[in-house]
Amino acid sequence: MANFFTVLSLLYLSTLVSCCDRCDGQVKFEPLVLVHGGAGKADPTKATKLLTGVRLAARVGYKEMAKGGCALDAVEAAIRSMELDDDFNAGYGSVLTIDGRVENDASIMDGVTLKAGCVSLITDILHPISVARKILDKLPYTYMAGNNAMRFAEGQGVHILKTGSLVSDSALKELNNYKNQLNMSTWFIPDYHTYKGTIGAVAIDSCGNLAAGTSAGGSIGKLSGRIGDSSLIGSGTYADNNLGAISVTGGGEISLRYNVAQRIMQNMNYMSTNAQQAAENVLDEMNKRMKATAGVILLDKFGNTGIYFTAKSMPWAYQKRDSLHFGIFKGEHFSEKISSQ
């Protein structure tokens, strides 16, 4: 099976054009990387750690472009940084299924070509976003899931960890707490909150090309096989050079049904709203209609930012030039100058 995927990817490479290939070298835009660490109800005692994580991710993504990478590279690098951090619900920090497993979803999208890579139900892979990137780069498909997605990833050199390696002590503790409150007839606790959230990033490079990505461990105590919005184009992730780039976080089932990412893109397109106003319009409407909270980060086609959440908190950060901006609770917007080192 791995050999089949290798041959298929080699055949596909000759047709591939991405945002990393389409640039005449002229600087037209100020590069910017904007990340989020998930909308939810953050424990105030965790705020400093969460802000440290998103600030680091924004800087990692920005450095990727500073050394010649494109928006796609920046998005992947920023998300990989957060997948290493067990304070976020992705990669090593992922929450667990009801039977104590990690099942990850991720997606990444190129605003130039509208190509995307989406992956679901993978286990024992530290960086799901890189599997999504390899699907985008190497295959004529958009979406893969489960065992065959893992076989493809392994054939592309992705390391498969020992079974259970991504199960963190904090995730096990939280799962046990969840089980103690769980109504087994519904498999759901409506008011259960975790401070851990989906992670995502959006970026614009100096050529004006956009990219977006999202990675998540899903909802705590989920049944094995559940897929949320994070891996779905138009719900959790979207990028189009003619519109903008967005990553969504919040209750996956509602965001999926409400098609949050695409609604916000179309609000900008048809209502002529800016990125911030479009985000507020759609999330406020969703909260009113669906009684559900969420959060988004987005860039419009000119690189203007939109950051909005109806949940209690959402750690976010972005770097532009030598300025790093960040916040976590409503009304917060801090900034600091950073060195070029």
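The values are calculated or read from the model by the stated rules, or taken from the named source; none is laboratory data. Only a predicted model underlies this, so the values are computations on that prediction, with no experimental measurement involved. In this analysis, Cβ positions are derived from the backbone assuming ideal geometry, glycine residues included, and neighbour counts consider all displayed protein chains.
Mind checking whether some residue in the stretch 66-80 is aliphatic (A, V, I, L, M), in a loop (DSSP other than H, G, I, E, B) and at pLDDT 95 or above? Step through it out loud before you land on a result.
First, pick out the residues of the stretch 66-80 that are aliphatic (A, V, I, L, M): 66, 71-72, 74-75, 77-79.
Subsequent filtering for residues that are in a loop (DSSP other than H, G, I, E, B) retains none.
No, the stretch 66-80 contains no residue that is aliphatic (A, V, I, L, M), in a loop (DSSP other than H, G, I, E, B) and at pLDDT 95 or above.
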Looking only at strands (runs of 3 or more DSSP E) that fall completely inside the stretch 82-154, which ones have 3 or more residues that are of a type in the set (Asp, Glu) and surrounded by 24 or more Cβ atoms within 10 Å (Cβ to Cβ)? none
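Considering GLY250, GLY236, GLY213, which residue is more than 19 Å from LEU72 (Cα to Cα), crowded, with 24+ Cβ neighbours inside 10 Å and under 18 Å from the mean Cα position of the chain (by Cα)? Let's see the steps before the verdict.
Values: GLY236 fails: more than 19 Å from LEU72 (Cα to Cα); GLY213 fails: more than 19 Å from LEU72 (Cα to Cα).
Exactly one of GLY250, GLY236, GLY213 is more than 19 Å from LEU72 (Cα to Cα), crowded, with 24+ Cβ neighbours inside 10 Å and under 18 Å from the mean Cα position of the chain (by Cα), namely GLY250.
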Cross-chain or 6+ apart pairs with Cβ under 6 Å, the stretch 99-114 first and touching a residue at least 24 places away in the same chain (Cβ under 8 Å), then of a type in the set (Asp, Glu): GLY111/ASP240
Candidates ALA90, ALA77, ALA58 - the one that is touching a Leu at 6+ places or on another chain (Cβ under 9 Å), touching a residue at least 12 places away in the same chain (Cβ under 8 Å) and of a type in the set (A, V, I, L, M): ALA58
Six or more apart or on different chains, Cβ under 6 Å: which pairs go from a residue in the stretch 267-291 that's without any contact (Cβ under 8 Å) to a residue 40 or more places away in the chain to one that's surrounded by fewer than 18 Cβ atoms within 10 Å (Cβ to Cβ) and not in a helix (DSSP H, G or I)? Could you list them? ALA275/ASN304
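Kindly indicate the residue of the stretch 115-133 that is touching a Phe, Trp or Tyr at 6+ places or on another chain (Cβ under 9 Å), touching a residue at least 60 places away in the same chain (Cβ under 8 Å) and not β-branched (Val, Ile, Thr) and also nearest to SER165 (Cα to Cα) among those meeting that condition. Spell out how you get there, then give the answer.
Going residue by residue through the stretch 115-133, those that are touching a Phe, Trp or Tyr at 6+ places or on another chain (Cβ under 9 Å) are 116-120, 126, 131.
Now drop any that are not touching a residue at least 60 places away in the same chain (Cβ under 8 Å), which leaves 116, 118-120.
Restricting the remaining residues to those that are not β-branched (Val, Ile, Thr) gives 116, 118, 120.
On the way: ALA116: 28, CYS118: 23, SER120: 18 Å.
Looking at the filtered set, the residue picked out is SER120.
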Exactly one condition in (1) part of a helix (DSSP H, G or I); (2) under 18 Å from ALA311 (Cα atoms) is false for GLN266; which is it? (2)
